[in-house]
Each structure stands twice: as structure tokens, then as C-alpha cells.
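**Student:** What follows is a structure written as C-alpha cells; I'll ask about it next.
The values are calculated or read from the model by the stated rules, or taken from the named source; none is laboratory data. Predicted model, so just to flag it, every value in this text is computed and none were measured. All Cβ positions, glycine included, derive from the backbone under ideal geometry; neighbour counts span all protein chains shown. We work out accessible area using only protein heavy atoms, side chains counted, and drop any ligands, DNA or RNA first. Shrake-Rupley method; radii C 1.70, N 1.55, O 1.52, S 1.80 Å.
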Amino acid sequence: MIINKFSKLRSILKIESKIYGSRSIIKSYFKDPRFRVNFWLRTGTYIKSKNFFLNEPILRLIKNKLAIKYGFDTTFNVHIDVGLRIVHLGGIVIHGNCEIGKNLTILNNVTLGQGQRNPERIPRVGDNVYIGVGAILLGDISIRNNVTIGALSFINKSIGDNLVVAGTPMKFLN
């Protein structure tokens, strides 16, 4: 999601602060480290849309803070729509060109990555998706809306709407 206006940044952060149990962006920032990841991810996306001379060093500092302190590794090219909910921090890697819909719930040690060393073969994730602990989503796949992916699942094939999948190899549970 491209955030090029401060009012849009503020409205997204307001929505996401409610997800973490507070109506105030400032309270959420100081109270919950998971919201801090959302804050810095959205702020970095906003800064990337602006062109000024200190852009790159600031983005590098934010990216390093997200990766080292919080275990959330991505770039600011990623398109994550409103409603990102991180349940547990640590070991989350999202390819920089991923497109992710609204209301993604993601747990720790999840990877959304490219397949076969081709940066164009990346996962696309729809709305209302839940990704369990240790899940790996690789390659040119499409995860549709209202999908639940179980813990320790390896997903390398597209998944349709309203499905529950788990396991290695992937099995449909409903």
C-alpha cells in the first residue's frame, strides 16, 4: 500500500492501534512492541513515498531496527493493506514485493518468499488471512480471501477462498 499523505498514515495507524487494544496511537506505541512494528513499517512506507536527500539513510535505519530489534524483516516496497496484526514477534520475513490484503494475522517464524531465485515469483495474499507459526509460503502463488494456514505448513500452491490448510505437504482440512 502506498502511503503518500500524512493524513492517510495517521488514519491507518489509528485503525491498527484499535487492533492492539487502544484508541490512541501514542499509547499503543509505548504499550505494545507489536504495534511499534506496524508504526515503523507504515512510517517507512510513508517516507519512501517522499523524495528528500536523507531518505535512504533513514529507511536503512528503520529497516535495521525492525529486523534486529523486532525480528520483522521486509523492505518498504511491500504492499500490506490496513489491518496487519502481528500476534508474536520474531522471525517474520516478507519479500519486499509481496502484495497483502486487509486484515492479515501473522504469527512468528513465518516466511513469505520468492521461488526459484526469481524475484517476480512471489506470494500474493488476499483479505482476512491467518498464517500460523512457522508457515512458509514460497513462489508464484495466490492465497485468496478468508484462508487459515496452520502451523509449520509449507505452501507452494495457490489456495482458493474460505479454506483451511495445514501440514507438509499441504492438505486441505475443510
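**Student:** Scan the helices (runs of 4 or more DSSP H) fully inside the stretch 1-79 and keep the ones with 1 or more residues being surrounded by fewer than 12 Cβ atoms within 10 Å (Cβ to Cβ). Steps first, answer last, please.
**Tutor:** Details: elements: 6-19, 25-31, 33-49, 55-70.
Filter on the stretch 1-79 gives 6-19, 25-31, 55-70.
**Student:** Still on this structure, please answer the following. Inspect the stretch 100-110 for any residue being open to solvent by 60 Å² or more (accessible area, probe 1.4 Å), over 11 Å from the mean Cα position of the chain (by Cα) and on the phi > 0 side of the Ramachandran plot and give the result as yes or no.
**Tutor:** The first filter runs over the stretch 100-110 and keeps only residues open to solvent by 60 Å² or more (accessible area, probe 1.4 Å), leaving 102-103, 109.
In the following step, the residues that additionally are over 11 Å from the mean Cα position of the chain (by Cα) were identified as 109.
So of that shortlist, the ones also on the phi > 0 side of the Ramachandran plot come out as 109.
Taking every residue of the stretch 100-110 in turn, at least one turns out to be open to solvent by 60 Å² or more (accessible area, probe 1.4 Å), over 11 Å from the mean Cα position of the chain (by Cα) and on the phi > 0 side of the Ramachandran plot.
**Student:** Something else: Among the residues of the stretch 80-94, write down those that are open to solvent by 40 Å² or more (accessible area, probe 1.4 Å), of a type outside the set (A, V, I, L, M) and without any contact (Cβ under 8 Å) to a residue 60 or more places away in the chain.
**Tutor:** Listed by number, the list holds a single entry, His88.
**Student:** Condition first: more than 25 Å from Asn77 (Cβ to Cβ) and either among the hydroxyl-bearing types (Ser, Thr, Tyr) or at pLDDT below 95 (or both). Can you find one or more residues in the stretch 121-142 that meet it?
**Tutor:** There is no residue in the stretch 121-142 that is more than 25 Å from Asn77 (Cβ to Cβ) and either among the hydroxyl-bearing types (Ser, Thr, Tyr) or at pLDDT below 95 (or both).
**Student:** Another question, then. Would you list the strands (runs of 3 or more DSSP E) that sit entirely within the stretch 81-157 and hold 1 or more residues that are closer than 23 Å to Ile2 by Cα? Reasoning before the result, please.
**Tutor:** Working: elements: 92-94, 111-113, 136-138.
Result: 92-94, 111-113.
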